[in-house]
Amino acid sequence: MKLVIVESPAKAKTISKILGKEFVVESSIGHVRDLPRSAKEIPAKYKDQKWARLGVDIENDFKPLYIVSTDKKKQVKKLKELLTKASELYLATDEDREGESISWHLMDILKPKVPTFRLAFHEITKTAILKALDEPREIDQNLVKAQEARRVLDRLYGYEVSPLLWRKVAPKLSAGRVQSVALRVLVDRERERMFFKKADFAQINGKFESDKLEFEAPLVEYEKKQLPVAKDFDPATGELKSKKKLILGKDEKEDVLSALKASDYKVDSLEDKPTKVYPKPPFTTSTLQQAASSKLNMGAKKTMMAAQKLYENGYITYMRTDSVALSKEALGAARDFVSSEYGEDYLPAKPIFYKSKVKNAQEAHEAIRPTGSKWKHPKTLAAKLESDQLRLYSLIFSRSLASQMKPAEYLVTKLGLENEKARFEVNGRIETFPGFTKAYGDDVSKEVKLPALKVGDTVNAKSFDYKLTNTKPPNRYSEASLIKTLEAKGIGRPSTYASIIETILRKYVFKDGKALVPSFLAMAVVQLMEKHFGRLVDYDYTASMEEDLDEISHGNQKSVEYLKQFYFGQNDFAGLVNLIKADIDAKEVCTIHMPYEKLIRVGKYGPYIETEDSSFSIDPNLSPSEVTEEKYVEFLKNGKKMDTQDALGMDKETGLPIYKKIGRFGPYVQLSDDAKTGKLKGIPSSWSFDDLTLEQAQFLVTLPKDLGEETFLDIGRFGPYVKSKLGNVSITEDMLLDIDLEQAKKLIDANPKKRGSASLKTFEGSKIEVKSGRYGAYITNGKVNVKMPKDKKPEDLTLEECEKLIADKKKK
């Protein structure tokens, strides 16, 4: 038996059909080994190491601590058992960095005693698989090192910077090498929108007729002065960039319309120009995500999931690539299909070869295309593929086909019309040969037909539309345009864009249609990063990091030296370990300066306006650019104070009102009208603030709840917990409503860790108690602590003895 290991069960199933009974094809189910994801996964022998929480030994050449996670142990055991029966082992993981890394980890874990080969292919077809078997290779150690360096770099960045965000901005936030820069791109655009100054101007269109054919043209000159368009205004000031242009407005409307109607219009210029529009290259990962977003309304994550399925089932080539090249076989398949489907007129004399514009393109060796030498028409797969898969395959099929077709041809006509005071211009466009658009469609504007005219001809002016308009702030990024921008700046890898967008949508960004809208929280995080980690969110520096990692993959740079420079610093870069020691003013980085000279604070539970005597919540669904000065004033006038809400109802026990509120430290319930004397209890994070019921609130204000045998249930700063003489233990929020004494006792017995100090003895009517602390028993009144006398036991102490010990300690 020959054992073949791939990443996924679907891929294993497809390859198994190709190879037959001589081979057993099994899946590793993704990465079999990785850095620890939590403290629980750190092996006991490393827990006392300073670097253990990072999972990277920073003092020993950044050696990663790899562990087989619990959910993968069963599969690793299965692979080991299969290997004992195998005569040969073939590692057939994907041929990019991640795939190479998985193969290396499998080798290291399985330690095969039989001949082992690395299979590399970028499409799952019989031809490709058999060719890979005939031409096996060694594991590429440079690719492995590059992937490891990338993984370690991202771990150091995330695990060192994220805790700062938790402390200074809000809990459970994350930072990342590419993620934080992508967020800055969105925030920079939102700032442009915030500080945008609109400009008002008129747009005038004329409707003309000749030979019974109507057409429209915009006014471009009036009284020998050019009229501006939107791009002629400075977005920061709303002023014209050039004073030579003439702004028409509301006051000029009557005079201008009278002048436009006063005399006939003649053709003063006419230019015909044949043009060609060439097909785009076949898809890379990035361009596929962009096209799927704009043409199919599919997000990056959904696109990559559908593409993964198509690849694993043998319909398209490997979907993580930044190459635009097509193999000889693919070129032949495309040309054959064009010839048979559209005819020789649509087929170029020679194949078209494309070159990648992405620096160091190396994820795979071919563009994304249909597999094999005879491409399957989408119609033939309608019954086999799910809807999203079929739509995406159709897009890939048509783009691949179009890339090997002749250009589309058009006749563009530039026509000028004038009278004594005004001049209109319009561009006509007529298709003369459809070319590649037969397969892929035309992204260019539609046809604009103009009548047959010559210079000096008179045309009939039918009407004029005088429209007052204004400039618009720059559009927010969509997933497609963000991906395009990141790739153009050289930030990150296209294969990671889907997961990056998914991460920022989880915490920092919300969607308005297709637009990615950064929140106030996103602005606060970017402010902190820019002020204290400026280099790490600098576009050029981040792009240079990507180039350095590519150099490692080519064997031109040592990964350990690179990681040392990043973490410990070199030359003008202080290094990450020094940057995280910065003295960060939380209030400063969480203060957003609005364009109308007002401030908005960002708290742990959302944005708010702070005044001398109160604070007002801001709708978290509003973006920073949407909080105009008018809305700001409205929040102050009509907005609810953060510390006042309507009562949920009356407490059955006390008859006092219960309020749900949001304070500076989060949501809570309050029993009584008086916040100073009323009972306050935090609302669990998993409970919905908006949907909180009176019953839930009543339960919270009854805490601490006596479970019996001096054991109490309560909720504190760090969540719900049980406290008793034997110690305190945290519990999960889902246990809060149902836990009883028996469950509490079991938890305390099973978990020796104590939440604070356990009370050993109390005295009725007094704050003094004897407690068990880290260094033994002690006596306290809440302010002064006294060590327990060696000759005494807690149960033997009297209140008078404790008072004397505390008084003596005070004097001392």
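Restricting Ala543, Ala524 to residues that are in contact with a Cys (Cβ under 7 Å, 6 or more places away or on another chain) and either under 25 Å from Ser625 (Cβ atoms) or touching a residue at least 40 places away in the same chain (Cβ under 8 Å) (or both) narrows the list to Ala524. When the range 310-344 is filtered for residues that are open to solvent by 40 Å² or more (accessible area, probe 1.4 Å) and under 23 Å from Lys484 (Cα atoms), only Arg320 remains. Filtered by the rule that a residue be basic (Lys, Arg) and in contact (Cβ under 8 Å) with a residue 24 or more places away in the chain, the range 14-62 gives Arg33, Arg37, Arg53.
Okay, residues lined up against (1) in contact with a Gly (Cβ under 7 Å, 6 or more places away or on another chain); (2) open to solvent by less than 40 Å² (accessible area, probe 1.4 Å); (3) within 30 Å of Pro667 (Cα to Cα):
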site: Met545; (1), (2), (3): no, yes, no
site: Asp548; (1), (2), (3): no, no, no
site: Phe573; (1), (2), (3): no, yes, no
site: Val577; (1), (2), (3): no, yes, no
site: Asp585; (1), (2), (3): no, no, yes
site: Ile592; (1), (2), (3): no, yes, yes
site: Ser625; (1), (2), (3): no, yes, yes
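Just give me the residues in the range 413-449 being in contact with a Gly (Cβ under 7 Å, 6 or more places away or on another chain) and at pLDDT below 95, in sequence order. Matches in the range 413-449: Val448, Lys449. Taking the criterion of being among the aliphatic types (A, V, I, L, M) and at pLDDT 85 or above, the residues of the range 705-728 that qualify are Leu707, Leu713, Ile715, Val722. For the range 268-283, the criterion of being under 30 Å from Lys17 (Cβ atoms) and either part of a loop (DSSP other than H, G, I, E, B) or touching a Ser or Thr at 6+ places or on another chain (Cβ under 9 Å) (or both) is met by at least one residue.
Considering only the range 197-214, I want to know if a residue exists there that is at positive phi and open to solvent by 70 Å² or more (accessible area, probe 1.4 Å). Give the steps one after another, and end with the answer.
Within the range 197-214, the first condition is being at positive phi, and the residues that meet it are 211-212.
Narrowing the set further to residues that are open to solvent by 70 Å² or more (accessible area, probe 1.4 Å) leaves 211-212.
Yes; the residues of the range 197-214 include at least one that is at positive phi and open to solvent by 70 Å² or more (accessible area, probe 1.4 Å).
Pick from Pro474, Pro451: which is in contact with a strand residue (DSSP E or B) (Cβ under 7 Å, 6 or more places away or on another chain), not in a helix (DSSP H, G or I) and not hydroxyl-bearing (Ser, Thr, Tyr)? Answer to the check: Pro451. Is it fair to say Glu221 is open to solvent by 70 Å² or more (accessible area, probe 1.4 Å) and over 39 Å from the mean Cα position of the chain (by Cα)? It is false that Glu221 is open to solvent by 70 Å² or more (accessible area, probe 1.4 Å) and over 39 Å from the mean Cα position of the chain (by Cα). Where residues in the range 28-49 are surrounded by fewer than 18 Cβ atoms within 10 Å (Cβ to Cβ) and of a type in the set (Ser, Thr, Tyr), which of them is farthest from Arg155 (Cα to Cα)? Among those residues, the one meeting the criterion is Tyr46.
Select from the range 422-447 the residues that are closer than 18 Å to Asn205 by Cα and either in contact with a Pro (Cβ under 6 Å, 6 or more places away or on another chain) or surrounded by fewer than 16 Cβ atoms within 10 Å (Cβ to Cβ) (or both) and list them in ascending order. Steps first, answer last, please.
Step one: of the range 422-447, the residues closer than 18 Å to Asn205 by Cα are 422-428.
Correct list: Asn427 only.
Scanning the range 692-715 for residues that are touching a Ser or Thr at 6+ places or on another chain (Cβ under 9 Å) and surrounded by 16 or more Cβ atoms within 10 Å (Cβ to Cβ) yields a total of 4. The set of residues in the range 647-677 being modelled with pLDDT of 75 or more and either of a type in the set (D, E, K, R) or part of a loop (DSSP other than H, G, I, E, B) (or both) consists of Lys660, Lys661, Ser672. Condition (residue is hydrophobic (A, V, I, L, M, F, W, C) and over 30 Å from Lys564 (Cβ atoms)) applied to the range 175-182: is it met by at least one residue? No. Screening Thr458, Thr380 for residues that are under 42 Å from the mean Cα position of the chain (by Cα), open to solvent by 60 Å² or more (accessible area, probe 1.4 Å) and either of a type in the set (S, T, N, Q) or within 28 Å of Ser294 (Cα to Cα) (or both) leaves exactly one candidate, Thr380.
Could you run through the range 418-448 and say how many residues are of a type in the set (Gly, Ala, Ser), assigned to a loop (DSSP other than H, G, I, E, B) and in contact with a Phe, Trp or Tyr (Cβ under 9 Å, 6 or more places away or on another chain)?
Initially, the range 418-448 is screened for residues of a type in the set (Gly, Ala, Ser), giving 422, 428, 435, 439, 441, 445.
Cutting the leftovers down to assigned to a loop (DSSP other than H, G, I, E, B) gives us 435, 441, 445.
Checking the rest, the ones that are also in contact with a Phe, Trp or Tyr (Cβ under 9 Å, 6 or more places away or on another chain) come to 435.
Qualifying residue count for the region: 1.
A search for C-beta distances below 9 Å between a residue of the range 785-806 that is outside any helix (DSSP H, G or I) and any residue that is loosely packed, with under 12 Cβ neighbours inside 10 Å, counting only pairs 6+ apart in sequence or on different chains, returns Val786/Asp808; Lys787/Tyr775; Lys787/Gly776; Met788/Gly776.
Would the range 150-173 turn up any residue that is at pLDDT 95 or above, among the aromatic types (Phe, Trp, Tyr) and surrounded by 21 or more Cβ atoms within 10 Å (Cβ to Cβ)? Yes, that holds for at least one residue. Restricting Glu123, Glu138, Glu88 to residues that are acidic (Asp, Glu), touching a residue at least 60 places away in the same chain (Cβ under 8 Å) and over 18 Å from Ser8 (Cα atoms) narrows the list to Glu88.
Could you name every one of the helices (runs of 4 or more DSSP H) located completely within the range 54-145 that has at least 1 residues being more than 21 Å from His31 (Cα to Cα)?
On the way: elements: 70-84, 97-110, 126-134.
In the range 54-145, 70-84, 126-134 are the helices (runs of 4 or more DSSP H) which contain 1 or more residues that are more than 21 Å from His31 (Cα to Cα).
Tell me, please, whether a residue that is in a strand (DSSP E or B), open to solvent by less than 40 Å² (accessible area, probe 1.4 Å) and of a type in the set (Phe, Trp, Tyr) can be found in the range 481-503. Among the residues of the range 481-503, not one is in a strand (DSSP E or B), open to solvent by less than 40 Å² (accessible area, probe 1.4 Å) and of a type in the set (Phe, Trp, Tyr), which makes the answer no. Note on the range 345-374: residues that are at pLDDT 95 or above, open to solvent by less than 40 Å² (accessible area, probe 1.4 Å) and more than 34 Å from the chain's Cα centre (by Cα) total 3. For the condition touching a strand residue (DSSP E or B) at 6+ places or on another chain (Cβ under 9 Å) and at pLDDT 95 or above, Phe397 qualifies.
The values are calculated or read from the model by the stated rules, or taken from the named source; none is laboratory data. These numbers were taken from a predicted model, which means no experiment stands behind them. Glycine also receives a Cβ, built like all others from the backbone with ideal geometry; neighbour counts cover every protein chain displayed. Note: accessible area is taken over every heavy atom of the protein model, side chains too, but ligands, DNA and RNA are not part of it. Shrake-Rupley method; radii C 1.70, N 1.55, O 1.52, S 1.80 Å.
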